[in-house]
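A short reminder: the numbers here are calculations on the coordinates, not readings from a lab. All values reported here derive from a predicted model rather than from experimental measurement. Methodologically, a virtual Cβ is constructed for each residue, glycine included, from the backbone with ideal geometry; neighbour enumeration extends over all protein chains shown.
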Amino acid sequence: MNKIKPLATALLAISLVLLPMAKSHGQLVLAEVLRLAIKRVVKAFDLKVQRLQNETIWLQNAQKVLENALSKLKLQEISEWTQKQKEQYQVYFNELRTIREVIARYRRIQQIVKMQSDLLTEYQQAWKRFSSDPNFSHKELMEMERMYEGMLDKGLDNLEAVLQVIRPFNLEMTDQQRMEGIDRAARAMAAVLSDLRAFGRQNVLLSLERSKDEAQRKAVQILYGIGNN
């Protein structure tokens, strides 16, 4: 977490400072900077989850050994366990449960960061194509840019919501509340990504409808990488 928090904080700092200033080409440059920063965050999360998974495997193996030992004991032997032994094994079970919960939380955060990365990548690709499409006027492109800016802002808001949840000094939230907050951010991020894709499809269809002849239609299909149907 010590490595992840500075990356995520830096990502948001870059975003909040530069996003209001970005226009046209600058918007693409900003998106590329954010995409690279998010890649670093994703990698950090991957390493964190891998370490947690290794700990889980160790605890699961310990649990199997314990269960096998229990199955071989007679009832009277079990009743003779000392309180210290019971507490020791209970610690193993508690650690296993805690690590499983942490892994679930980090995987959900990974999904959010991945969706934000996809949001930026797909925005870059879409904007590059739309700005090269002669079927859209300058005024329409400016409106598209405004729409995309709004979607990127929502994505950043969702990342900020996740940061608020996982910050260590936020002691007022329970683990359940943290997981619920992460889930809300994940659903919101998925909705933004879905909106961006729907907006892109809508504009592609509009461009096809505006094509005056088969040659222009073919050029539009090539531009957006779609089939002939």
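A few comments on the model shown:
- Sequence ranges 107-113, 190-196, ranked by mean other-Cβ count within 10 angstrom, highest first: 107-113, 190-196
- Spacing of the two label points (7 Å from each Cα toward its C-beta) at GLN202 and SER132, in nm: 2.4
- Residues GLU101 and ALA191, FRET efficiency given R0 of 22 Å [Cβ-Cβ distance, rounded to 0.05]: 0.30
- Loop-resident sites, segment 105-186, for GluC sites (Glu not before Pro), counting at most 10 other Cβ within 10 Å (DSSP): GLU172
- Where chymotrypsin sites (Phe, Trp or Tyr not before Pro) fall in DSSP loop in segment 151-229, at most 10 other Cβ within 10 Å: PHE169
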